[in-house]
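Scroll down for the structure; my scribbles are underneath it.
The values are calculated or read from the model by the stated rules, or taken from the named source; none is laboratory data. Given the structure is predicted, the values throughout are model-derived calculations rather than measurements. In this analysis, Cβ positions are derived from the backbone assuming ideal geometry, glycine residues included, and neighbour counts consider all displayed protein chains.
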Amino acid sequence: MNSKEPMKNNNRLSALLVILALGYVVACTPMRFSEFSGRNRSWPVASGAMAEKQFAVPVYRGWPERPYHVTGSIRFEDPQKYWDDGIIKMAASMAKGRGGDAIVMRYGSEYGVGMITGAIGDPKVMSMNQITALVIKWKSQSEIASEEASVDRLVDPKNGS
């Protein structure tokens, strides 16, 4: 046995440990997706919005500027974990994989899918520091036109006849 053989075995063992560690990290993703199952409704929109566009889908820190549906939410398993660019990148990629067009970041008392606040008075929410990302899908022009026509009929019933 030559002196290089123990070194080869150590390198193989190190490589195997790295592969196992990577497999564990990939298999045990810290992100959890929850599908939205509520009624279709009009979600808040802003007159203008800022979005970070360097991720798989745009990341909004406030309400987007155009109509959308909420398809679900993504949360990180550790509610105390700061969402750095790596975690946001994972969330944006997960949203894209679930058919989302963008994500909207929700903080603390805005947790969940409530129109204004979702955590206040909710005993299931353990942490007011929880950050979630709403996964959204843009409404089509035909959906927007249909909703506008419905509103017009409510405001002026003669338009619907």
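The residue pairs whose first member lies in the range 47-73 and is closer than 15 Å to ARG98 by Cα, whose second member is among the aliphatic types (A, V, I, L, M) and in a loop (DSSP other than H, G, I, E, B), and whose beta carbons are closer than 6 Å, counting only pairs six or more residues apart or on different chains, are VAL70/VAL113.
Out of curiosity, is SER37 at pLDDT below 90 and exposed (fewer than 10 other Cβ atoms within 10 Å of the Cβ)? Criteria met by SER37. Inside the range 37-46, residues that are in contact (Cβ under 8 Å) with a residue 12 or more places away in the chain and either of a type in the set (Ser, Thr, Tyr) or in contact with a helix residue (DSSP H, G or I) (Cβ under 7 Å, 6 or more places away or on another chain) (or both) make up a count of 1. Annotation note: of VAL155, VAL57, VAL135, VAL104, the sole residue that is in contact with a Leu (Cβ under 8 Å, 6 or more places away or on another chain), at pLDDT 70 or above and not basic (Lys, Arg) is VAL104. Of all residues in the range 107-132 being β-branched (Val, Ile, Thr), within 15 Å of TRP63 (Cβ to Cβ) and crowded, with 16+ Cβ neighbours inside 10 Å, which is modelled with the lowest pLDDT? Selected residue: VAL113. Among the criteria (1) more than 15 Å from LYS137 (Cβ to Cβ); (2) of a type outside the set (Gly, Ala, Ser); (3) modelled with pLDDT of 90 or more; (4) in contact with a strand residue (DSSP E or B) (Cβ under 8 Å, 6 or more places away or on another chain), the one MET31 does not fulfil is (3). Going by the conditions given, is PRO44 modelled with pLDDT of 70 or more, surrounded by 10 or more Cβ atoms within 10 Å (Cβ to Cβ) and under 19 Å from ILE131 (Cα atoms)? Yes: the conditions hold for PRO44.
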